[in-house]
Structure formats: C-alpha cells, structure tokens
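The values are calculated or read from the model by the stated rules, or taken from the named source; none is laboratory data. Being a predicted model, the structure only gives us computed values, none of them experimental. A quick note on method: Cβ atoms are made from the backbone with ideal geometry, for glycine too, and the neighbour counts reach across all protein chains shown. These area figures cover heavy atoms from the full protein model, side chains too; ligands, DNA and RNA do not enter into them. Shrake-Rupley method; radii C 1.70, N 1.55, O 1.52, S 1.80 Å.
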Number of protein chains: 2
Amino acid sequence: MPTAVKVSVIGAGSAQFSLGLVRDLCLTESLSDSVVSFMDIDKQRLAMIHKLATRYADELGADLRFESTTDRQTSLQDADFVINTAAVKSHHHQRAAREVVAKHGYYYGLKNRVNFYQFRLMLDVARDIEAICPDAWLIQSGNPVFDGCTLMSRETDIKICGLCHGHYGLYSIAMAIGIEQENLQKITWQAPGFNHNIWLTHFYYEGEDMYPRLDEWIETEGEEYWRNHVATHTHDIQMSRGAVHQYRMYGLFPIGDTVRRGGWWYHTDIETKKYWFGEPWGGPDTELARPLFVENLDRRIAEMTRLANDSKASIVEAFGNQKTNEQQVPIIDALVNNNEGQFQVNVPNRGALEGIPDNVVVEVPAIVNKKGIQPIHVGSLPPRIMLEQILPEWLEMERNIEAFKSGDRSMLLWNVLEGHQTHSYDQAVAALEDWLSMEGHKELSDHFKYGDRVEMLFKAF
Amino acid sequence: MPTAVKVSVIGAGSAQFSLGLVRDLCLTESLSDSVVSFMDIDKQRLAMIHKLATRYADELGADLRFESTTDRQTSLQDADFVINTAAVKSHHHQRAAREVVAKHGYYYGLKNRVNFYQFRLMLDVARDIEAICPDAWLIQSGNPVFDGCTLMSRETDIKICGLCHGHYGLYSIAMAIGIEQENLQKITWQAPGFNHNIWLTHFYYEGEDMYPRLDEWIETEGEEYWRNHVATHTHDIQMSRGAVHQYRMYGLFPIGDTVRRGGWWYHTDIETKKYWFGEPWGGPDTELARPLFVENLDRRIAEMTRLANDSKASIVEAFGNQKTNEQQVPIIDALVNNNEGQFQVNVPNRGALEGIPDNVVVEVPAIVNKKGIQPIHVGSLPPRIMLEQILPEWLEMERNIEAFKSGDRSMLLWNVLEGHQTHSYDQAVAALEDWLSMEGHKELSDHFKYGDRVEMLFKAF
C-alpha cells in the first residue's frame with residue numbers, strides 16, 4: 001500500500017537536484033500519488049522545473065502531482081517533508097566577494113563562516129515549518145549543514161535531518177583499491193564526525209579490514225598516482241596527496257569534503273593546491289576549478305530550459321530512469337513506509353559521538369524506519385582528531401552562531417585576524433570593511449556593529 | 001600557639017624567591033619554629049641561600065630552622081608544604097632556542113607550549129610527594145601553572161595549588177585611576193579564568209563600580225599615556241594600548257600576564273610590540289626586554305653572593321623587613337592556623353567557573369582556612385571571552401598534555417603549523433627539526449616520534 005506524502009522543495013530552481021528528486025519519487029512505488037510542491041523566488045526556473053517534472057513523471061508512468069509557487073508559506077501548507085536546498089547568494093556574488101578581498105592579500109577569499117544570509121534563510125524556513133507544518137521533517141540539503149542545522153535545532157523544535165554527499169567519497173577509495181562497482185554495497189564502513197569533518201573509523205569488505213589494502217595502495221601506487229592523475233571532475237581529490245597526508249597525521253582517512261577542509265598550509269596558493277590536490281585544478285576551491293564548476297551548472301540549466309521548451313524531447317532519454325544515489329527519497333520512504341535503511345545523517349548528537357555536547361549536530365550513521373531517524377552510537381574518535389580537528393571546529397561553530405545572534409562585528413574581525421593569510425591588524429580591518437561594504441552585503445553589514453567601541457577597533461592602526 | 005611546619009622549597013636556588021619566602025616566614029609568628037628545607041641541584045646557590053637565610057632569620061630574631069640538600073626525596077621527608085619554583089631550562093637556553101628558529105622566520109621564538117622538561121619535572125615532584133609526603137600541599141610557584149597543575153592533578157592524588165603574580169596587575173590599574181596605595185586593600189575585585197588568561201569581572205572601591213572611572217581614564221588620559229609613558233620595568237604593560245584594545249574587544253579588562261598573551265597581531269615584530277605595549281621595550285617578551293630582565297636577575301644573584309660572603313653585612317638592611325606581597329606564606333598560615341584569607345589560586349575547577357570541565361585547573365579567588373582551599377563560585381565569563389580566549393586555550397592545554405603523554409611528534413608539528421608566523425609547510429618542518437635537534441633538547445627530541453609515518457610527514461615538501 002503506497003503512502004502519499006506532500007514534499008515541499010524550497011529552492012526548487014536548483015534544477016539538477018529537483019529533477020533527481022522527482023526521478024527517485026517516480027521510481028519509488030511506495031510513495032505513489034505523492035505531491036511535490038516546488039518553491040523558488042525565481043519564476044522562470046520554477047516554471048521550467050514544473051514543466052520538466054510533469055513530463056518526466058508522465059514518461060515514467062508515475063503517479064505524482066506537482067505544484068509550484070513563489071510563496072514559501074503556501075508551499076509548506078500540509079507538507080510532510082520539507083527539503084531546503086536554497087542558497088541565497090549566487091556563485092557570481094561569491095566570486096565578486098573573493099575579488100574584493102584578493103587585493104588585500106587573500107587567496108581565494110576570506111574564510112568567513114558566519115554565513116549570515118544562509119543562517120537567516122535557514123532559520124526563516126525552520127520557523128515557518130514550526131508555525132505551519134510542525135510535524136514535518138526538514139531535510140536540510142544545502143550548506144552549511146553543521147552550523148545551520150545546529151542553529152535551527154536550538155532555535156526551533158522541528159525535526160531536522162541534514163544531508164550531504166561527502167560520505168560517498170568512501171566509494172572512491174574502495175574503487176581505487178580495486179573493489180568493483182557492483183560490489184560496493186557489500187562494504188560496511190563508518191565515518192563519523194561533523195559535516196565536512198568525517199573520519200573513516202571502520203572499513204570492511206568480505207569480512208576483512210580494508211585499511212591494510214589502502215596502506216598498500218599508498219605504498220605501491222600513491223606516488224605514481226599523485227604524479228600522473230588528472231582529476232576527472234573538480235571534486236576528484238579523495239585519493240590526493242593531501243588526503244593521504246591528513247591520514248598520516250591522524251591515523252584515519254578523511255572522507256569527502258573533509259579532504260578540502262584541511263590545514264591552511266594546503267591552500268596558500270594555486271601551486272601549493274595543485275601539489276596537494278592534483279592537476280589540473282588543485283581541487284574544487286581554486287580560480288581554475290570554480291569557474292568550470294559554475295559553467296557546468298549553467299550548461300545544465302541551459303540544457304534543461306531547452307528540453308522544457310521542446311515538447312517533442314524525451315526527458316527520460318536526457319536524464320535516465322535509474323534511481324540517483326541521493327538519500328532524501330529513501331529516507332522519506334523509510335520514515336513513511338518502514339522500508340528500513342541505514343543512512344549518513346546530520347542530527348543533534350544526543351550521545352552518538354562521545355566527547356561532543358548533545359546539542360551539537362553531528363554526522364553519523366543512522367537507522368531510519370517508521371520509528372524515526374535513530375543515530376548509531378559510534379563511540380569516540382581518536383584524541384588527536386578530537387583535539388586538532390573536531391573540538392576546534394565545534395568552537396568555531398559556536399562562535400559563528402554567537403556572532404550571528406549577537407551581531408557583534410568584533411567577532412567577524414577576530415575571525416579575519418585568525419585567518420592564516422592575515423599578516424597585520426590593519427590588513428584585517430581594511431579587508432573586513434571592504435568585504436562588508438560591497439554590493440549585496442548591505443543587510444549583512446547593517447547586522448554587525450562595533451557599538452560604541454568603533455573608534456578603537458575600526459581605526460586602522 | 002604557633003604551629004611549626006616543614007616547608008620544602010624545590011628550586012631554592014631562585015634566590016630572590018627563597019629569600020622572600022624566608023622573610024615572610026620570619027615575620028609570621030604563628031609559624032614560628034618551622035623548618036625550611038632548601039633543595040636545588042646547584043650546590044653553590046644552595047649554600048648561598050642557606051647562609052643568607054640563616055643570617056636573615058638571626059637578624060630578625062625569628063625562630064626558624066634551615067636545611068639544604070641536593071636530594072629531592074630527602075627534602076620532601078615529612079614536608080607539610082612543598083613549594084616548587086624550579087625551572088629546568090635556563091634563560092640562556094631559552095635565548096639560544098629563539099635564535100635557532102629566528103633564521104626560519106620566527107620573531108621571538110616558536111610559541112611551543114608542550115613544555116616537556118617542565119611537565120616532566122613537575123610530574124616527578126608530584127609523584128615524589130605522593131610517595132613520600134602524600135598529605136602535603138604542593139604550592140606550584142613556577143610556570144606553566146595552567147598546563148602543569150592540570151596535568152599533575154590528573155596524574156596524581158596530591159593536593160595542588162598553583163600561584164602566580166599576574167593578578168596584582170589589578171593594583172596597577174587602581175593606582176593609574178587614582179586610588180592611593182594605602183587604600184588598595186579596600187578594593188574588592190574578581191578576575192577569574194585560567195592562569196595568564198584572567199578577566200576583570202568586578203572592580204569596586206568604596207561601594208562604587210570603578211569601571212566608569214577606568215573608562216574615563218581611557219577617554220581622557222589614554223592617548224597621552226600611550227604616546228608618552230616609558231615603562232618602568234619590563235612587565236609594565238597593564239595600562240598599555242594593547243591592554244585597552246583587548247578590553248574593547250571583550251568588554252572586560254585583561255589582568256596581568258593576560259595582556260601579553262593577546263592575539264598574534266600584537267606580537268609580530270618589535271615596532272608592532274612597541275606600538276601596543278609601549279616604549280622602550282615593547283613589553284616583556286622582546287629582544288630588548290628579555291636581556292635586561294635576565295641581567296637584573298644575574299645582578300641580584302651576584303649581590304646576594306657578595307652579601308653571603310660578607311659576614312659583616314646586614315641582610316635586613318639589604319632586603320628589608322616588611323612582608324612581601326606573595327601569597328605562599330599567608331596561605332600556609334591560613335591552612336595551618338586558621339588565619340583565614342582570600343587568595344587568587346589555581347586549583348581544579350569543580351564548578352567554580354561555569355562552562356569549564358571540572359578537571360581543568362582554573363584561576364579563581366578562594367577562601368583559605370583550616371578547612372582547606374575553597375574556591376568561590378564565580379559564575380561565568382561573557383560568551384565572547386569564553387569562545388575566543390578561554391575555550392580555545394582549554395583545547396590548547398589538552399593538546400599540550402596529549403602531545404606530552406603520547407610523544408607524538410606530529411602534534412608538535414601541528415602546533416608549529418598553527419603558529420601565525422608559519423607561512424609554509426616546509427618552513428614548519430625545517431624549524432621544528434632544527435629546534436628539536438639543538439643542544440639541550442636531546443631528551444625532548446627522543447621523546448617525540450613520528451613512528452612509521454616519518455617519511456610522509458618529515459620530508460620537507
């Protein structure tokens with residue numbers, strides 16, 4: 001007996017994600033007859049995704065209904081699940097922000113994580129859910145998952161689950177050491193921590209610990225790989241020299257986006273980044289990689305627009321009819337229909353990961369079924385990882401939240417000062433002020449004040 | 001009825017401190033007939049301090065007996081109080097260490113706080129106490145108080161109280177804002193935190209909050225002071241521009257050695273340090289101040305040696321006969337004779353300072369009497385201080401202890417990498433290896449290993 005649910009997608013204009021979601025819903029019989037409500041502030045994108053989705057479901061013969069609206073509250077009415085994938089600031093703006101601070105000596109931007117616009121959006125969505133559909137699950141599917149989900153879980157009472165793709169990096173490792181694609185699902189593994197800060201504590205295949213095989217790969221193939229490998233996509237860094245170096249530092253392999261977090265010394269300039277993260281782009285966060293990534297996104301949007309306007313085109317032919325690897329729909333199915341599964345989720349700790357306070361959102365494996373999302377108690381991470389990677393990031397998150405809530409500009413200044421590319425007090429003050437006063441940052445700038453301390457702190461000494 | 005106790009002074013060759021201790025004991029009738037056991041590995045200094053102390057007590061007509069030994073276990077026999085003021089590495093060595101790393105681009109040394117030799121000495125003393133005089137109080141009177149006392153309190157069961165001078169900085173503030181010396185004892189104040197990381201939460205005089213008066217001083221006299229003040233001693237920085245800047249950042253005034261901790265941006269080079277901490281030396285931690293400080297110490301030792309060998313000289317005439325401001329003897333008197341007092345101590349937290357784990361040593365005010373050393377529950381420090389100053393330092397201390405206990409060289413490397421004067425991975429590796437292989441660091445270097453990860457980590461990329 002299928003169960004129909006209403007899924008509200010906030011930021012549905014992220015067409016690639018939305019179409020993937022639609023595909024998975026179409027292919028999940030047990031969610032037949034469900035309603036998907038697309039919500040975005042961009043009318044054109046909204047119309048485009050609605051068109052494509054309708055035709056897609058038709059072609060697949062699936063019983064799915066679609067709504068679209070630019071009004072969030074409307075979208076949330078009677079929603080059972082809310083998937084927030086919205087990003088407030090465009091890639092264009094992020095690039096402009098990097099350029100503003102480049103002249104102050106910052107390679108690839110200020111590492112500011114007081115993500116004012118995203119925090120505000122995420123909180124607004126969470127509060128709307130609390131008011132309109134308080135029993136709905138929020139499946140947070142946009143950055144920043146760690147800070148944002150922690151903030152929302154403290155400020156509201158709604159049910160929150162944050163998702164990310166990083167953990168899939170484990171399969172890149174598996175394939176690199178010779179496990180075939182068809183056997184990947186036989187692997188058992190765990191990589192807990194925080195979002196973008198997860199460490200492979202367990203890695204078994206056919207009853208055997210795979211770490212020795214990983215060590216062997218590093219010994220016998222590592223150097224050659226780092227010399228010769230050319231990244232196949234901008235995020236292809238799981239087996240990089242930088243990843244293995246972090247493994248050597250910590251004794252556990254960093255997974256997915258954890259690799260690109262690393263220490264500042266991996267990221268000082270393009271040559272250094274190429275050294276650690278490989279040719280041709282030096283990892284995803286460079287002036288070489290990012291435009292390509294954005295270009296690819298734009299190209300896909302253009303293609304989707306073309307298809308949406310070509311009534312004769314087959315959507316299935318263009319996008320396929322196999323389920324994606326995304327966790328959103330399987331999690332919905334598990335919660336609704338008790339089709340149990342194990343997933344990598346971001347939820348409040350409540351003891352799952354030792355040594356972390358309960359009110360901090362951690363990334364852990366969880367059993368999901370009709371009872372709910374139930375984190376597995378993973379125990380503890382090794383002391384060095386806790387002391388150098390996890391606990392410092394916990395504190396950083398607390399500072400981000402405190403800065404956002406207090407509106408204290410001196411906390412932004414302190415962040416810039418702590419950045420490793422800051423070499424003088426003056427540089428930090430000047431860069432911060434330019435960054436705050438740039439186009440698109442007015443609300444941000446208005447939110448953060450020095451109060452009556454402005455003279456002493458602001459004046460570039 | 002006076003009570004006689006045995007006080008063992010480890011590192012008694014720190015002649016200035018030892019003589020001050022003797023003076024205070026001589027002038028505390030209620031501790032009459034006590035025994036002071038001087039212990040040091042330096043026989044000459046030991047003989048000198050023994051001579052001076054004996055004559056001092058004679059001149060003052062005090063009933064005090066003296067022993068001296070180069071054997072620590074002997075000194076600890078039947079001790080009621082153990083005052084450890086020993087420093088393993090000389091100022092000469094510390095200077096050489098700074099010079100070794102200077103060529104790698106580090107102004108005024110690597111900020112290494114994994115103080116191997118001091119940790120080891122402090123633990124050895126604590127373990128000896130546990131074995132020989134387990135009911136004795138250890139009054140730790142040498143750096144590093146925060147890390148060292150925390151380590152000792154976790155590894156042994158002895159009673160530990162760390163003392164420091166920094167909190168006296170409060171009186172410099174008081175005098176600067178016009179409170180006369182004879183009225184200083186009427187002030188009530190609190191500045192809790194960690195050793196060298198204390199913040200003035202309360203400051204009252206004659207029933208009035210003195211912060212407005214402090215603000216007024218800053219407004220009306222600050223600029224002129226910073227332009228014209230010439231430091232009267234190397235540690236004269238309490239009213240400096242750097243101190244006030246930290247006050248502006250945090251809303252509470254930093255006290256004593258807290259001022260010189262500050263952010264890296266106060267300490268990049270001599271001009272910057274003079275800007276923040278004043279002429280003529282730029283604070284105590286510079287190539288201008290430190291030789292002077294050491295010179296003064298040497299001069300005093302020379303003077304004491306001269307006096308010790310001049311049987312006709314009057315020690316009282318040379319050193320005076322008023323009590324010092326030190327807390328050691330009044331604390332001993334309070335514990336032994338119930339002459340209650342309030343003191344600034346470093347003891348395990350046990351809830352005194354909110355938001356800090358119980359097994360971390362905090363610096364707080366305490367009531368001391370025959371019942372024991374009883375910390376006052378001071379509540380909490382403001383969020384910004386907790387998140388930017390206190391909690392990060394707590395983590396740093398945990399890393400220092402973990403590094404020491406594990407012997408993991410990569411933790412030393414990580415520390416150097418995190419230092420703000422490190423600009424590349426290669427620089428950190430090279431500086432660390434030079435520092436570890438310098439003369440006087442053999443046991444340190446042997447203690448810390450990369451293990452089988454040496455190739456990947458050690459190789460300068």
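Short-range pairs are left out: with C-alpha atoms under 8 Å and at least six residues apart, the relative contact order of the range A:327-461 is 16 percent. These residues, B:F203, B:F343, B:F319, go from largest to smallest accessible area, 1.4 Å probe, as B:F319, B:F343, B:F203.
Under the convention that each Lys and Arg Cβ holds +1 and each Asp and Glu Cβ holds -1, the size of the dipole of the range B:253-411 around its Cα centre is about 320 debye. Charge dipole (Cα centre; +1 on Lys/Arg Cβ, -1 on Asp/Glu Cβ; no other charges) of chain B amounts to roughly 740 debye.
What average number of partner chain Cβ atoms lie no more than 10 Å from the Cβ of the residues making up A:231-241?
Working: counts 0, 0, 0, 0, 0, 0, 0, 0, 0, 0, 2.
Average neighbour count from other chains, rounded to a whole number: 0.
Label sites at A:T220 and B:Q44, each approximated as a point 7 angstrom past Cα along Cα to Cβ, lie 6.4 nm apart. One Cα centroid belongs to the range B:421-441, the other to the range A:329-365; the line between them spans 43 Å.
What separates the Cα centres of the range B:384-406 and the range A:56-99 is a distance of 42 Å. Percent of Cα-Cα pairs per 20 Å bin, from 0 to the last occupied bin, for the protein assembly as shown, please list those. Over the protein assembly as shown, the share of Cα pairs per 20 Å bin runs 12, 40, 31, 14, 3, 0 percent.
Between rounded, prolate and oblate, where does the range B:267-311 land on the alpha carbon gyration tensor, with a ≥ b ≥ c its root eigenvalues, rounded for a/c under 1.5, else prolate if a/b exceeds b/c? Write down the numbers at each step before the final one.
Details: a/c = 6.40, a/b = 4.50, b/c = 1.42.
It is prolate, given that a/c is not under 1.5 and a/b is the larger ratio.
Inter-label distance, B:Y168 to B:K442: 3.9 nm, where each label sits 7 Å from its Cα along the C-beta direction. Projecting label points 7 angstrom from Cα along Cα→Cβ for A:H92 and A:L27 puts them 3.4 nm apart.
Can you list the trypsin sites (Lys or Arg not before Pro) in the range A:250-316 that are in a DSSP coil and have 13 or fewer other beta carbons within 10 angstrom? Answer by residue number: A:K312.
Taking a ≥ b ≥ c as the square roots of the eigenvalues of the Cα gyration tensor, an a/c ratio of 1.5 or more together with a/b larger than b/c marks the range A:314-461 as prolate.
How large is the translational diffusion coefficient of chain B in µm² per second when you combine the Kirkwood radius over alpha carbon pairs with Stokes-Einstein at 20 °C and 1.002 mPa s? Working shown, then result.
On the way: Rh = 23.5 Å.
Answer from the Stokes-Einstein relation: 91 µm²/s.
Inter-chain Cβ neighbour count for B:392-398, averaged per residue, equals 3 (cutoff 10 Å, partner chain atoms only).
Ligands, DNA and RNA left out, the 1.4 Å accessible surface of the protein assembly as shown is 49% carbon and sulfur atoms.
Once a ≥ b ≥ c are taken as the square roots of the eigenvalues of the Cα gyration tensor of the range A:275-356, is the result rounded (a/c under 1.5), prolate (a/b larger than b/c) or oblate (a/b not larger than b/c)? Cα axes put the range A:275-356 in the oblate bin. Among residues other than B:E317 with Cβ under 14 Å from its Cβ, the summed charge is 0 (Lys and Arg +1, Asp and Glu -1).
Relative contact order for chain B using alpha-carbon pairs under 8 Å, separation at least 6, rounded to a whole percent? Answer for chain B is 16 percent. Using the rule -39500 (n - 2.57) for each DSSP H run of four or more residues, divided by the residues of chain A, the 222 nm mean residue ellipticity is -13000 deg cm²/dmol. Once C-alpha pairs closer than 8 Å and six or more residues apart are averaged by separation and normalised to the residue number of the range B:1-132, the relative contact order reads 28 percent.
Rolling a 1.4 angstrom probe over the protein heavy atoms with all chains in place gives chain B an accessible area of 41 Å² per residue.
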